[in-house]
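Read through the structure below, which is laid out as structure tokens, and then see the notes.
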Amino acid sequence: MILQDIVNAAKFSELSSTAVKDNTSAIITFLNLGLLELYKRFPLKTSEVTYAVGETTASYSLPSNFMYPLAVYGEDIYGNIDIEEKIAINEDSDEKAVFFPNHKQVQVPSEIRGDRVSIIYVAKPETYTEDDLEAEVDLPETLIEALLHYIGYKAHLGIRSDGQTENNAHFIRFDASCRKARELGVAYSTDSYKMPDRLTYRGFA
């Protein structure tokens, strides 16, 4: 669905009784926040980055689209990334664990076998502006309803009197819509299928 269609749907549904319905820029801002929330709940876009294993623990910069790690893998004896060689994340008791001290860096210890590690991570969604009204929004249509509820939730945050009640209602609908998507299997959550399946699905196997 293109951005303009989602904006129109929000104006004539969740935002129909609010002043913000005529503010396209604000609606797109709420839409971008909604996409971030949905990408946190569902691994809608995953990517891979590899780092070298050095003689000492080394810190590397993470890609700008990094949200959070799903898994880390090392190499087998042939130098290939091995989905059986799963490496722990942020485990103090494991000397081979990879650490993410902040959202911009990763620390790779020298104790890991092989010359490199592969980090599979959830990538951030695209950020849209008013210049992108004809662009296809990178979101399954099965989650458009949830996105509209989130836009309604954000739009009612600043409304006084009964706005708080309406705001809470929109967030409850958003949360329920996400749960229903998981139950129906129409959008993947981070625990909905195993990492080997993710890698196969994404073409790593």
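Among the residues of the range 38-47, just one is in contact with a Cys (Cβ under 9 Å, 6 or more places away or on another chain) and among the charged types (D, E, K, R), namely Arg41.
For the range 83-95, which positions are touching a Pro at 6+ places or on another chain (Cβ under 8 Å) and assigned to a strand (DSSP E or B)?
Within the range 83-95, the subset touching a Pro at 6+ places or on another chain (Cβ under 8 Å) is 83, 89, 95.
Result: Ile83, Ile89.
Output yes when any residue across the range 73-82 is outside the structural domain of Asp131 (by TED's automatic domain parsing), in a strand (DSSP E or B) and surrounded by 20 or more Cβ atoms within 10 Å (Cβ to Cβ), and no when none is. Yes, because at least one residue in the range 73-82 is outside the structural domain of Asp131 (by TED's automatic domain parsing), in a strand (DSSP E or B) and surrounded by 20 or more Cβ atoms within 10 Å (Cβ to Cβ).
Reported count of residues in the range 67-95, each being among the polar types (S, T, N, Q) and closer than 16 Å to Gly54 by Cα, is 0.
Within the range 55-70, restricting attention to residues that are farther than 27 Å from Leu33 by Cβ and part of a strand (DSSP E or B), the residue that is farthest from the chain's Cα centre (by Cα) is Ala58.
For the range 96-124, enumerate the residues that are in a strand (DSSP E or B) and either over 18 Å from Glu48 (Cα atoms) or free of Cβ contacts under 8 Å to residues at least 12 places away in the same chain (or both).
Of the range 96-124, the ones in a strand (DSSP E or B) are 98-102, 105-108, 116-123.
Once the filter is applied, which keeps residues that are in a strand (DSSP E or B) and either over 18 Å from Glu48 (Cα atoms) or free of Cβ contacts under 8 Å to residues at least 12 places away in the same chain (or both), the range 96-124 yields Phe99, Pro101, Asn102.
The values are calculated or read from the model by the stated rules, or taken from the named source; none is laboratory data. Quick caveat, the model's predicted, so the values are computed rather than measured. With ideal geometry, Cβ positions are generated from the backbone for all residues, glycine too; neighbour counts draw on all protein chains shown.
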